[in-house]
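Trainee: Have a look at this one before I ask anything.
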Amino acid sequence: MKKYSLIILVLLAIVSCNIDDYDRLSEITKPELFTPSIYNLTETSINNAVPIAINSFSSVSDASQGVISRHWTIEEGSKYLLPTFTRKDSLNLEPFIDSDIGLSNWTEIVHVLFQKEGETTITLKNTFDKAVSFLGNDAVQNNDGLWELTTTLTYDVYAELNAEASVSNADNTEVLATLSSNQNPNKDNTNGFQTITIEAGSNLTFTDLSTIGRPSGRLWEFEGATPNSSEEEQQVVTFNRLGSYTVNLTTIRDKRGNSLHATEQTKTLPVIIEVIPSTQPYIISGEANAEIDGNDDAGTNIISFRVNGEIEPFNGGETDFTVNVVNTGFNQDFEVQSVNINNADPTIIELTLAQPILNSDTVTLSYNGTIIKSIDSRTLNTFSSISVNALNLNLMTNASNPSFENAVDNDRQVNAQGYNLFVGGGGNNLDNARNADNSLFLNRSTERSSDGNASLKFNAIMPMAPGFVSLSNTILSNSAIPAGDYKLTFDVFIEDGSNFNAIFSVIQQGTPRTQLAPLNAPATGEWFTVERNFSNAGTLGGNLIFNFRNQDNNGITGRQTFYIDNIQIIAIEAR
């Protein structure tokens with residue numbers, strides 16, 4: 001039977017908006033004029049739920065032609081509104097609820113207020129004297145000979161955001177305070193707030209537990225703490241400065257389509273963090289580090305180290321430090337020209353030296369003074385011969401994709417942009433290097449990484465049928481590395497149960513050109529670094545190749561899984 005789909009088509013225009021967007025639909029006669037936040041209906045979209053905020057409304061118009069009767073129905077938790085409200089009215093739409101009707105309506109236009117979270121529907125049933133269809137939905141003929149077309153619109157109603165959170169000790173093993181959904185603390189009236197007392201330099205763990213309103217993100221604001229803000233779901237925070245502090249949590253929900261506007265809610269946690277003087281010794285935290293000094297010459301004049309509490313401003317102290325530098329045939333103490341507190345982090349001290357240290361040097365740092373104090377009046381303990389980590393700058397720029405961050409879809413370059421996969425055994429046949437699930441022995445992966453978000457994953461049963469597979473970085477030249485002496489390093493993570501022995505590396509324009517790199521892992525299940533030295537006579541080009549070969553792994557059998565990441569080429573600064 002012929003179905004009329006144009007002349008007697010049910011046209012629905014959905015407007016989901018705030019009251020400020022609203023023009024009285026009762027004064028508009030053509031649905032195509034419903035311009036604020038129109039939700040376009042297609043055969044696909046009509047099957048998807050329309051996202052909308054609780055206590056918002058949606059206006060739907062039935063512009064059907066040739067309709068004999070219509071019947072709207074809504075579900076419990078939704079109400080019809082009178083068409084008399086305007087943008088000047090209060091955002092409270094309760095006074096405009098049509099209390100004379102329940103869940104049914106027969107008007108051409110309905111305005112539906114959603115007061116219950118979750119999925120709900122608006123259903124329109126129209127009758128015609130001919131067969132009709134709308135967006136793939138056909139009318140059904142009733143016993144009276146009329147054709148009934150049912151159109152159902154589904155809405156996904158989002159509750160208002162309502163933040164919840166917890167405050168725990170440093171290792172997150174004990175909850176000290178909470179923010180619940182039924183609390184809305186006033187920062188200007190902290191009489192009922194719980195006090196958490198900690199010593200300066202102590203940590204607290206803050207966890208966002210918010211789910212109501214389905215937030216998509218958050219912003220923490222920590223007074224008197226490091227960091228002073230965070231977007232993480234869980235954040236460990238250090239309080240160094242004496243005083244009383246509060247914490248704000250803003251939950252955020254992004255816009256979804258044209259019908260659910262972006263929104264946010266800020267709550268103050270009902271907690272006062274009281275920071276008192278520490279009873280712990282004031283000490284250096286970890287090792288010292290050589291830092292970038294902004295000079296293009298070899299080496300750096302800057303050393304930094306961290307202490308376990310915020311530093312009180314001071315002057316002087318240069319002669320309290322000893323920087324000892326050792327190299328082949330060289331052993332000298334370097335003069336410290338200035339001592340300063342780092343501008344961005346007041347728990348870091350920076351030393352400026354009279355001459356640069358090189359990454360081939362062995363450098364130690366000692367301190368013997370009393371001038372450096374914490375802001376809670378502790379004196380920094382002296383220390384002796386602390387190792388200074390060398391400054392190793394990776395000359396492989398992002399243009400050479402050293403950490404596999406840029407991916408492509410081409411199978412011949414399946415791992416990452418600028419990386420070419422080659423399969424041994426004849427014909428360079430990718431099918432010879434596939435697992436049972438069709439994955440390649442070598443693949444770019446986001447399962448693990450030591451730098452960025454991706455790495456190269458080796459996953460194969462040894463011995464391999466093709467004998468070897470190799471991966472070539474074909475864009476070394478993008479980094480424009482000049483002639484010189486260098487160190488190639490890369491990070492490796494070996495999964496438990498794997499014992500792959502070695503990788504055969506090739507630097508086509510390097511000397512030496514090849515080297516077998518043993519994987520002397522300190523332990524499986526953690527990242528470690530493999531390195532080799534080489535030199536090149538001109539700007540580095542050609543390929544960097546990793547060969548994974550049966551012959552280098554005799555006796556290795558079964559599934560082998562490991563990852564490679566963070567490829568670096570570092571200039572060796574000779575003294």
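The values are calculated or read from the model by the stated rules, or taken from the named source; none is laboratory data. It should be emphasised that the depicted structure is a prediction, and the values quoted were computed from it without experimental measurement. In this analysis, Cβ positions are derived from the backbone assuming ideal geometry, glycine residues included, and neighbour counts consider all displayed protein chains. Accessible surface is based on the protein model in full, side chains and every heavy atom, while ligands, DNA and RNA are left aside. Shrake-Rupley method; radii C 1.70, N 1.55, O 1.52, S 1.80 Å.
Trainee: Considering the dipole of the chain built from charges on the beta carbon (Lys and Arg +1, Asp and Glu -1) around the Cα centre, which of ILE54, ALA521, THR86 is farthest to its positive end?
Mentor: ALA521
Trainee: When the expected Rg is taken as 2.2 N^0.38 Å, what fraction or multiple of it is the alpha-carbon Rg of the chain? Before the final figure, lay out the partial values.
Mentor: On the way: Rg = 33.9 Å, N = 575, 2.2 N^0.38 = 24.6 Å.
After normalising by residue count via 2.2 N^0.38 Å, the value is 1.38.
Trainee: With r as the distance between the Cβ atoms of ALA262 and THR197 and R0 = 41 Å, compute the FRET efficiency 1/(1 + (r/R0)^6) and round to 0.05. Please list the in-between numbers first.
Mentor: Numbers: r = 38 Å, r/R0 = 0.93.
For THR197 and ALA262, the calculated efficiency is 0.60.
Trainee: Could you state the accessible area per residue of the chain in Å², with a 1.4 Å probe and every protein chain left in place? Write down the numbers at each step before the final one.
Mentor: Details: 27180 Å² over 575 residues.
On a per-residue basis, the chain sits at 47 Å².
Trainee: Work out the FRET efficiency for SER387 and VAL236 from their Cβ-Cβ distance, taking R0 = 25 Å, and round it to the nearest 0.05. The partial results should precede the final answer.
Mentor: On the way: r = 26 Å, r/R0 = 1.03.
Plugging the Cβ-Cβ distance into 1/(1 + (r/R0)^6) gives 0.45.
Trainee: Jot down the per residue volume, in cubic angstrom and as a whole number, of the convex hull over the alpha-carbon atoms of the range 303-383.
Mentor: 92 Å³
Trainee: Express in whole angstrom the spacing between the alpha-carbon centres of the range 143-171 and the range 331-378.
Mentor: 58 Å
Trainee: Which aspartates and glutamates, if any, have their Cα less than 15 Å from the Cα of LYS79, not counting same-chain residues under 8 positions apart?
Mentor: Counting by Cα, and skipping residues close in sequence, LYS79 has these aspartates and glutamates nearby: GLU94, ASP98, ASP100, GLU117, GLU119.
Trainee: Also, quick follow-up: Which value, in debye to the nearest 20, describes the size of the charge dipole of the chain about its Cα centre when Lys and Arg Cβ atoms bear +1, Asp and Glu Cβ atoms bear -1, and nothing else is charged?
Mentor: Working: 33 positive and 67 negative charges, 298 e Å.
Computed charge dipole of the chain: roughly 1440 debye.
Trainee: Let me ask something else. Using the Karplus curve 6.51 cos²θ - 1.76 cosθ + 1.60 with θ = phi - 60°, work out ³J(HN,Hα) for each residue of the range 220-236 in order, rounded to whole Hz, and write x for Gly and Pro.
Mentor: 8, 10, 10, 6, x, 10, 10, x, 8, 7, 6, 10, 6, 5, 10, 9, 8
Trainee: Here is a follow-up. If each of ILE292 and THR370 carries a label point 7 Å out from its Cα toward its Cβ, how far apart are those two points in nm?
Mentor: Modelled inter-label distance: 4.0 nm.
Trainee: Under the 0.36 nm per residue contour assumption, what length would be gained going from the current alpha-carbon distance of ASP138 and THR328 to full extension? Mind dumping the intermediate values first?
Mentor: Values: separation 190, 0.36 × 190 = 68.40 nm, distance 8.76 nm.
Net length gain for the segment: 59.6 nm.
Trainee: Continuing with this model, one more query. May I ask you to compute the full-extension gain from THR73 to ASN453, defined as 0.36 nm times their residue separation minus their alpha-carbon distance, rounded to one decimal in nm?
Mentor: Working: separation 380, 0.36 × 380 = 136.80 nm, distance 4.95 nm.
Full extension of this stretch gives 131.9 nm more.
Trainee: Let me ask another. Using the beta-carbon distance between ASN478 and ASN429 and R0 = 45 Å, what value does 1/(1 + (r/R0)^6) give for FRET efficiency, to the nearest 0.05? Please report the intermediate quantities before stating the final value.
Mentor: Working: r = 29 Å, r/R0 = 0.65.
Computed FRET efficiency for ASN478 and ASN429: 0.95.
Trainee: Let me ask something else about it. Tell me the label-point distance for the pair GLN551, THR190, using the 7 Å Cα-to-Cβ offset, in nm and rounded to one decimal.
Mentor: My value for the distance between the label points is 7.2 nm.
Trainee: So for the range 158-257, averaging the separation of alpha carbon pairs under 8 Å that are six or more residues apart and normalising by length, what relative contact order in percent results? Each step should come with its number before you reach the end.
Mentor: On the way: 187 pairs, mean separation 31.4, N = 100.
Relative contact order of the range 158-257: 31 percent.
Trainee: With θ taken as phi - 60° and the coefficients 6.51, -1.76 and 1.60, list the Karplus ³J(HN,Hα) couplings across the range 289-297 in order, rounded to whole Hz; mark glycine and proline as x.
Mentor: 9, 6, 10, 5, 10, x, 9, 6, 5
Trainee: Still on this structure: I need the semi-axes of the equivalent ellipsoid of the range 363-510: take the C-alpha gyration tensor, multiply each eigenvalue by 5, square-root it, list largest first in whole angstrom. Write out the running numbers ahead of the final one.
Mentor: Values: eigenvalues 360, 76, 47 Å².
Gyration-tensor ellipsoid for the range 363-510: 42, 19, 15 Å.
Trainee: Can you list the HN-Hα couplings for the range 562-575, worked out from phi with the Karplus curve (6.51, -1.76, 1.60; θ = phi - 60°), rounded to whole Hz and with x for Gly and Pro?
Mentor: Result, ordered by residue: 8, 10, 10, 7, 6, 6, 10, 10, 10, 5, 8, 8, 7, 8 Hz.
Trainee: Taking the radius of gyration and the Kirkwood hydrodynamic radius from Cα positions alone, what is the Rg/Rh ratio for the range 413-480, to two decimal places?
Mentor: Numbers: Rg = 12.9 Å, Rh = 12.9 Å.
My calculation puts Rg/Rh at 1.00.
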